[in-house]
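Input: a single structure, listed below in structure tokens.
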Amino acid sequence: METKELPNSWVVKRLGDYVESEKGKKPKSQSLVKTDTHIFPYIDIRAFEEGIFDSWTDGEGCRFCSESDLIMVWDGSRSGLVSKGVNGALGSTLTRINFPKILNDYAFYFLQSKYLELNTKAKGSGTPHVNPDLLWNYKFPIPPLNEQHRIVTKIEELFSKIDKGVESLQKAKELLVLYRQSVLKRAFENKNSNKIMKLIDVCEFITKGTTPSKNELFDRKGDVPFIKIYNLTFDGTLDFSINPTFISFQTHNEFLKRSKVIHGDVLMNIVGPPLGKVSIVSDTFPEWNINQAIARFRCKNTLFNKYLAYFLLSGETIRKYSKQAKATVGQFNLTLEICRNIKIPIPSIQEQERIVANIESRLFAYDKLQENIITSSRNAATLKQSILKKAFSGQLVPQDPNDEPASVLLERIKAEKMGSVSFDK
């Protein structure tokens, strides 16, 4: 954004030359509860995100922020994320930023408009952190104070409409999930005339994977693809684009030979939550392998793999066999014994194919609607960025010639700093 693009009543300053900033610091003394001596809330990431204070400090060695500041995550995967300030002792991974005599919400939306760039261009090979050369060299556009109010009002009005649209999309998405489960439930109910068989009877040896040592796993390239839970989905497809991991032919054929998988095998996660992720192995590679949290089902000629996949994806099946899962702290595990004894109605292959065709014809509309919802949600985020871009280039609201120019505001700020003028913010 060039200065010449802005209205005449605006001024542009280098952000680092205008704002006041200070990185937080861990207190010397903390208490889990507020006491007579520890009266200051410690603002860590949880307090930043949820407004919940887990500890308090006496203030010694602390750096403080207030409601007039903005707080930015400086270190970590969310570096660049900004929030409105609160009164307290600032955490060591956070930085307070103050915009003198600028409407706080206007400054907040400006920093928010830079989050994606700050986050994707963070510095550091270990823990990422905000690149100060990028942040402090941003050109900060300053409109007249009255126009700042109009801009913020317009942003919030437009964002509110977008958020309501996103909320409606989320409700539609939830209804689609219910519809999908309804389709699967109807497909497999009232099958009393069919044989009910255990998967151990209609599949070849049902097994699970093994995880080799870290030095035997390779990111993004290698001989044989190694499937993890996050590659499985809730729609039967396999998504190997997510953090693809590989192993060597030697590991595949020796240590992991028991857990080889091939095109057409059905995979299901047996460690959760959540349970119920099922995928059919594609023919992208001639052979694959799986980790210890995944079970492999290889259908015999009496069982259609897509029929099995949809059966395992059914909410009824998930609920029934999840009750048998072994529970540990925060985790559920399906044993291979449970997997082998899953009971499934077995009609003829021709009938299985007809059921699958019926499911897919009904889910075709579901998939299209799901795709539209995802696209619309992405468009909402893009639209917000477009609104912010207009806001900070003087194109979102009309200018008022009666507004005091931003240059006059800056002169007052300069005079105040020099001690020649005293006035309240």
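Taking the dipole about the Cα centre of the chain, with the C-beta of Lys and Arg at +1 and of Asp and Glu at -1, give me whichever of 206, 113, 79 is farthest to the positive side.
206
Work from the charge dipole of the chain (Cβ charges, +1 for Lys and Arg, -1 for Asp and Glu, about the Cα centre) and give the residue of 30, 391, 151 farthest towards its positive end.
Value computed over the given set: 30.
Whenever you get a sec, line up 233, 57 from highest to lowest accessible area (probe 1.4 Å, protein heavy atoms).
233, 57
Keeping all protein chains in the complex and leaving out DNA, RNA and ligands, what accessible area do you get for residue 319 with a 1.4 Å probe, in Å² to the nearest 10?
It works out to around 130 Å².
Give the aspartates and glutamates whose C-alpha is closer than 16 Å to that of residue 84, dropping any in the same chain fewer than 8 places away, or say none.
Counting by Cα, and skipping residues close in sequence, residue 84 has these aspartates and glutamates nearby: 20, 22, 44, 49, 50, 67, 69, 105, 156.
Considering only protein heavy atoms, what is the solvent-accessible area of residue 136 at a probe of 1.4 Å, reported in Å² to the nearest 10?
Using a 1.4 Å probe on the heavy atoms, I get roughly 40 Å².
Add -39500 (n - 2.57) for each DSSP H run of 4 or more in the chain, then divide by its residues: what number comes out at 222 nm, to the nearest 500 deg cm²/dmol?
When only DSSP H runs of four or more count, the value is -11500 deg cm²/dmol.
What size of dipole, in debye to the nearest 20, comes out for region 267-408 about its Cα centre when the only charges are +1 on Lys and Arg C-beta atoms and -1 on Asp and Glu C-beta atoms?
The calculation lands at about 760 debye.
To the nearest Å, what is the center-to-center distance of region 146-160 and region 31-93, using C-alpha atoms only?
28 Å
Place +1 on the Cβ of every Lys and Arg and -1 on the Cβ of every Asp and Glu in the chain, take the dipole about the Cα centre, and give the residue among 183, 15, 413 whose Cα lies farthest towards its positive end.
Of 183, 15, 413, it is 183.
Could you work out what % of the accessible surface of the chain is carbon and sulfur, using a 1.4 angstrom probe and leaving DNA, RNA and ligands out of the count?
Within the chain, the accessible surface is 52 percent carbon and sulfur.
In debye, nearest 20, what is the charge dipole magnitude of region 17-111 about its Cα centre with +1 on Lys and Arg Cβ and -1 on Asp and Glu Cβ, if you could check? Before the final figure, lay out the partial values.
On the way: 11 positive and 14 negative charges, 29 e Å.
Here the size comes out at about 140 debye.
Accessible area per residue of the chain at 1.4 Å probe, in Å²?
About 54 Å² of surface per residue is accessible.
From the Cα gyration tensor of the chain, with a ≥ b ≥ c the square roots of its eigenvalues, which class applies: rounded if a/c is under 1.5, or else prolate if a/b is larger than b/c, or else oblate? Can you show the working numbers first?
Working: a/c = 2.69, a/b = 2.09, b/c = 1.29.
Here the chain falls in the prolate category.
How much solvent-accessible surface does residue 255 expose, in Å² to the nearest 10, with a 1.4 Å probe and all protein chains in place?
120 Å²
Quote the charge dipole size of region 257-337 about the Cα centre in Debye, to the nearest 20; the model charges only the Cβ of Lys and Arg (+1) and of Asp and Glu (-1).
200 debye
Quick one: order 359, 242 from most to least accessible surface, probe 1.4 Å.
Result, largest first: 242, 359.
The values are calculated or read from the model by the stated rules, or taken from the named source; none is laboratory data. This one's a predicted model, so the numbers in the text were calculated from it and none came from an experiment. Cβ sites come from the backbone with ideal geometry, for glycine too, and all protein chains shown count toward neighbours. Note: accessible area is taken over every heavy atom of the protein model, side chains too, but ligands, DNA and RNA are not part of it. Shrake-Rupley method; radii C 1.70, N 1.55, O 1.52, S 1.80 Å.
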